[in-house]
Amino acid sequence: MIKVGVLGAKGRMGALTCVAVEEAAGCELVAQLDQGDSLDVLTEAGAEVVVDFTRPEVVMDNLAWCIEHGVHAVVGTTGFDDARLATLRDQLAKSPSTGVLIAPNFSIGAVLMMRFAAQAAQYYESVEIIELHHPDKVDAPSGTARRTAELIADARREAGSGPIPDATTTALDGARGADVEGIRVHGVRLRGLIAHQEVLFGDEGETLTIRHDSMARVSFMAGVLLGVRRIGDAPGLTVGLEHFMDLS
Ligand SMILES: NC(=O)C1=CN([C@@H]2O[C@H](COP(=O)(O)OP(=O)(O)OC[C@H]3O[C@@H](n4cnc5c(N)ncnc54)[C@H](OP(=O)(O)O)[C@@H]3O)[C@@H](O)[C@H]2O)C=CC1
Ligand SMILES: O=C(O)C1=N[C@H](C(=O)O)C[C@H](O)C1
């Protein structure tokens, strides 16, 4: 049995994760912590793996504690940039048997959408990303959109693609979205939505749109459980659930 603790257990994702872990074969839910609870409960309960669905402003402190105490972490919380990932690598170097998975998106379909977008990137002159979420989301653009833009930018660099054409010289603030490594990312917040993304590619005479929709948060649970089951055998830092999936 893998002993699992959940951080952010009263939140939208954390609460669902508690249920998923309780129902999962080979997993035991030993701690459910939220704002104000002491992380020491995790050691008292013998947690081997922690799932973090909290907030970008607290997740780094949670992970520092987990790494220091040799507790593996499966992280859905957003807000990771290169500087944060470098900090985690430094911390993990001092606790070499501990594993941390940072998964911008746990939905299998979203992981595939990112993979397909990276594959398509070299063939198109233009690309833009539209992410659409529920209005209670605290960060923009989404972690998924940032990651997708990074993967597309990497693929374009590798292919030697030129700059994306855009003749705009006059624009209201925000009209052209955020610039993530040269890729324009647009955010929509709309009641009724959960988590959705479109990646639009264009070239002479054709466009390609890759769209993924999470219609319910249960779509993230298979990926969370995959992370929980695999992280104990993956010391160090893993970024992206695709590393635990067979996508060859
Ligand atoms: N990777 C993925 O597949 C997914 C990632 N996410 C990401 O997960 C994160 C959480 O999303 P969501 O569940 O919707 O957000 P919620 O606001 O519903 O949940 C966050 C919870 O964490 C609690 N919390 C805040 N600080 C702490 C702390 N220090 N220790 C423990 N708990 C704390 C919050 O309490 P309080 O409200 O009192 O602050 C709240 O209950 C976001 O970054 C979101 O983008 C979401 C969906 C999928
Ligand atoms: O806050 C959310 O809801 C989601 N957050 C993640 C993100 O920012 O990409 C994953 C998914 O989009 C849902």
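Numbers at a glance
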| quantity | calculated |
| --- | --- |
| Number of the condition not met by Ile67 [criteria: (1) in a helix (DSSP H, G or I); (2) open to solvent by less than 20 Å² (accessible area, probe 1.4 Å); (3) in contact (Cβ under 8 Å) with a residue 40 or more places away in the chain] | (3) |
| Output for the range 197-219, where each listed residue is open to solvent by less than 20 Å² (accessible area, probe 1.4 Å) and within 14 Å of ligand 2 (Cβ to nearest atom) | Gln197, Val199, Ser214 |
| Residues located in the range 77-132, provided they are within 14 Å of ligand 1 (Cβ to nearest atom) and in a loop (DSSP other than H, G, I, E, B) | Thr77, Thr78, Gly79, Phe80, Asp81, Ala103, Pro104, Asn105, Phe106, Ser107 |
| Selection count, the range 36-80, where residues are of a type in the set (A, V, I, L, M, F, W, C) and within 16 Å of ligand 2 (Cβ to nearest atom) | 7 |
| Of residues in the range 33-48 being away from ligand 1 (no atom under 11 Å from the Cβ) and in a loop (DSSP other than H, G, I, E, B), the one least open to solvent (accessible area, probe 1.4 Å) | Ala47 |
| Qualifying residue in the range 16-27 (condition: within 15 Å of ligand 2 (Cβ to nearest atom), part of a helix (DSSP H, G or I) and either among the hydrophobic types (A, V, I, L, M, F, W, C) or surrounded by fewer than 16 Cβ atoms within 10 Å (Cβ to Cβ) (or both)) | yes |
| Members of the range 166-181 found to be assigned to a loop (DSSP other than H, G, I, E, B) and either open to solvent by less than 40 Å² (accessible area, probe 1.4 Å) or of a type in the set (Lys, Arg) (or both), listed by number | Arg176, Gly177 |
| Strands (runs of 3 or more DSSP E) wholly inside the range 182-223 that include at least 3 residues being over 20 Å from the mean Cα position of the chain (by Cα) | 195-203, 206-214 |
| Qualifying residue in the range 142-155 (condition: in a loop (DSSP other than H, G, I, E, B), within 16 Å of ligand 1 (Cβ to nearest atom) and either over 16 Å from Gly109 (Cβ atoms) or among the polar types (S, T, N, Q) (or both)) | yes |
| So Val30, is it open to solvent by 30 Å² or more (accessible area, probe 1.4 Å), assigned to a strand (DSSP E or B), of a type outside the set (Asp, Glu) and farther than 18 Å from Thr238 by Cβ | yes |
| Any hit, the range 87-105, residues being more than 11 Å from ligand 2 (Cβ to nearest atom) and under 21 Å from Val218 (Cβ atoms) | yes |
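A quick yes/no check of all residues on (1) of a type in the set (Asp, Glu); (2) open to solvent by 30 Å² or more (accessible area, probe 1.4 Å):
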| position | (1), (2) |
| --- | --- |
| Ala103 | no, no |
| Tyr123 | no, yes |
| Glu128 | yes, yes |
| Ala140 | no, yes |
| Thr144 | no, no |
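The values are calculated or read from the model by the stated rules, or taken from the named source; none is laboratory data. What you see is a predicted model, and the numbers here were worked out from it, not measured in a lab. Glycine gets a Cβ as well: all are built from the backbone with ideal geometry, and neighbour counts include every protein chain shown. What goes into the accessible areas is simple: the full protein's heavy atoms, side chains included, and nothing from ligands, DNA or RNA. Shrake-Rupley method; radii C 1.70, N 1.55, O 1.52, S 1.80 Å.
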